Amino acid sequence: MPRFFIHHVTKYTYPEPVRDSANQIMLYPIKDENQEVQSQQITITGEPFVEQFKDYYGNEVGSFMHIAPHKELRIDSNIAVITKPIKFPSDEIAIELQWDHLLQIKNIAPFIDFLKQESFNALPEVKQIADAGFYKSVSVFVAVQQLNTYVYQNFQYIKGITSVETTLDEVWNLRAGVCQDFAHMLLVMLRLLNIPARYVSGYVCPFDHNLRGEGATHAWVEAYIPFYGWLGLDPTNNCIVSDGHVRLAIGRSFSDCSPVKGSYKGTAKQILEVGVSVSGEEGQATKDVNAILTQQAVSSNLNEGAGDDNSYRRHMQMVQQQQ
């Protein structure tokens with residue numbers, strides 16, 4: 001059973017003091033039979049009191065206020081966690097019974113929330129792919145793997161061309177994005193087949209350091225497999241999730257699982273930097289914050305020249321205009 005040391009830093013910098021910063025953090029790893037949290041220390045600028053509670057989906061959430069004027073807000077999370085390998089589903093049950101079971105549970109809590117489909121312009125086009133006959137001619141376990149592979153093979157992993165505000169239509173037209181975009185597209189396809197699917201935030205902790213998503217929070221999907229339960233699928237890396245991923249939260253989409261979000265009074269200008277360092281049994285996650293921080297896009301500034309500095313977006317827009 002591997003043990004991982006994870007250092008996750010979120011840093012906001014403001015050109016002038018801001019105040020009354022109210023924040024919510026979802027930085028507490030899920031504790032269950034597959035994850036054992038040995039220790040966690042969270043340090044926040046100003047040392048505010050953090051009130052903890054469980055949300056609707058059972059995630060542990062922290063809430064705090066930093067009232068005094070400040071030009072920087074930094075949230076440091078240091079975790080030691082042990083993960084355990086999963087037992088894969090068995091395909092011994094008849095295929096027809098598996099798909100029939102999905103129809104029987106679609107109106108039962110808690111599956112209802114994870115079958116709700118977001119409407120967007122390209123949905124009929126996506127549905128044609130999800131409805132392709134060969135998916136339902138195989139078991140649900142095989143079908144979810146096929147769709148996982150479809151997203152991996154048909155979408156390019158390109159950092160910086162999308163943000164948390166990028167729509168499904170934009171992702172579909174670009175056929176590119178990062179882990180949260182891959183996860184959202186897989187969610188759509190699974191739900192179109194009446195397979196309950198939920199968004200997962202966390203960390204990818206590869207043993208060989210060849211997986212996409214290192215150095216940042218990661219996102220993937222859990223699909224419900226009849227007579228088995230929830231199975232993690234990582235479309236960014238085309239793999240089944242086992243003991244190389246650490247789960248922080250689950251929800252319907254990214255909005256339910258954002259690691260840090262909040263509001264404050266003051267200037268709209270800000271710089272957001274995020275960094276994640278993961279180390280295995282032989283070492284410790286780096287404590288050099290500046291070495292891991294990477295500047296992120298901030299939603300309040302996204303409309304300023306949106307897309308003008310993105311050559312890949314410009315190329316795709318030209319292609320779409322020519323078709």
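The values are calculated or read from the model by the stated rules, or taken from the named source; none is laboratory data. Values in this document were obtained by computation on a predicted structure and should not be read as measured data. Note that we place each Cβ from the backbone using ideal geometry, even for glycine, and neighbour counts take in every protein chain shown.
For (1) surrounded by fewer than 22 Cβ atoms within 10 Å (Cβ to Cβ); (2) farther than 24 Å from VAL9 by Cβ, each residue gets a yes or a no:
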| position | (1), (2) |
| --- | --- |
| ALA183 | no, no |
| VAL188 | no, yes |
| ALA219 | no, no |
| PHE227 | yes, yes |
| TRP230 | yes, yes |
| ASP234 | no, no |
| ASN237 | no, no |
| ALA249 | no, no |
So which residues in the range 137-173 are assigned to a loop (DSSP other than H, G, I, E, B) and either touching an Asp or Glu at 6+ places or on another chain (Cβ under 8 Å) or within 22 Å of LEU103 (Cβ to Cβ) (or both)? SER137, VAL138, SER139, PHE155, THR162, THR166
Within the range 27-53, the residues that are surrounded by 11 or more Cβ atoms within 10 Å (Cβ to Cβ) and closer than 18 Å to VAL241 by Cβ are PRO29, ILE30, LYS31, ASN34, GLN35, GLU36, VAL37
Residue check, ALA297 within 17 Å of the chain's Cα centre (by Cα), modelled with pLDDT under 60 and of a type outside the set (Val, Ile, Thr): yes
Scanning the range 17-33 for residues that are assigned to a loop (DSSP other than H, G, I, E, B) and at pLDDT 95 or above, which turns out nearest to LYS261 (Cα to Cα)? MET26
Within the range 189-203, which residues are part of a strand (DSSP E or B) and either over 20 Å from ILE225 (Cα atoms) or out of contact with any Asp or Glu (no Cβ under 8 Å at 6 or more places or on another chain) (or both)? SER201, GLY202, TYR203
LEU186: out of contact with any Phe, Trp or Tyr (no Cβ under 6 Å at 6 or more places or on another chain), within 29 Å of ILE93 (Cβ to Cβ) and not assigned by TED's automatic domain parsing to the domain that holds HIS7, yes or no? yes
If you check SER119, SER90, SER21, SER63, which single one turns out to be more than 23 Å from the chain's Cα centre (by Cα), surrounded by fewer than 16 Cβ atoms within 10 Å (Cβ to Cβ) and of a type in the set (Ser, Thr, Tyr)? SER90
State whether one or more residues within the range 174-188 are touching an Asp or Glu at 6+ places or on another chain (Cβ under 9 Å) and part of a loop (DSSP other than H, G, I, E, B). no
Going residue by residue through the range 48-58, is there one that turns out to be over 22 Å from ARG198 (Cα atoms), outside the structural domain of PRO206 (by TED's automatic domain parsing), free of Cβ contacts under 8 Å to residues at least 24 places away in the same chain and not in a strand (DSSP E or B)? yes
Restricting to the range 206-223, name every residue that is out of contact with any helix residue (DSSP H, G or I) (no Cβ under 8 Å at 6 or more places or on another chain) and either free of Cβ contacts under 8 Å to residues at least 60 places away in the same chain or assigned to a strand (DSSP E or B) (or both). PRO206, ASP208, HIS209, ASN210, LEU211, GLU222
Please specify each residue of the range 257-289 satisfying the condition of being at pLDDT 60 or above, within 15 Å of THR10 (Cα to Cα) and not in a strand (DSSP E or B). SER258, PRO259, GLN270
Can you confirm whether the range 94-103 contains a residue that is in contact with a Lys or Arg (Cβ under 9 Å, 6 or more places away or on another chain), among the β-branched types (Val, Ile, Thr) and free of Cβ contacts under 8 Å to residues at least 24 places away in the same chain? no
Going through LEU103, LEU73 one at a time, which residue ends up being in the same structural domain as GLU214 (by TED's automatic domain parsing) and outside any loop (DSSP other than H, G, I, E, B)? LEU103
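Kindly provide the set of residues from the range 115-127 that are in a loop (DSSP other than H, G, I, E, B), of a type outside the set (S, T, N, Q) and within 11 Å of LEU192 (Cα to Cα), ordered by number.
Passing the criteria: LEU115, LYS116, GLU118.
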Would the range 73-82 turn up any residue that is without any contact (Cβ under 8 Å) to a residue 40 or more places away in the chain and surrounded by fewer than 17 Cβ atoms within 10 Å (Cβ to Cβ)? no
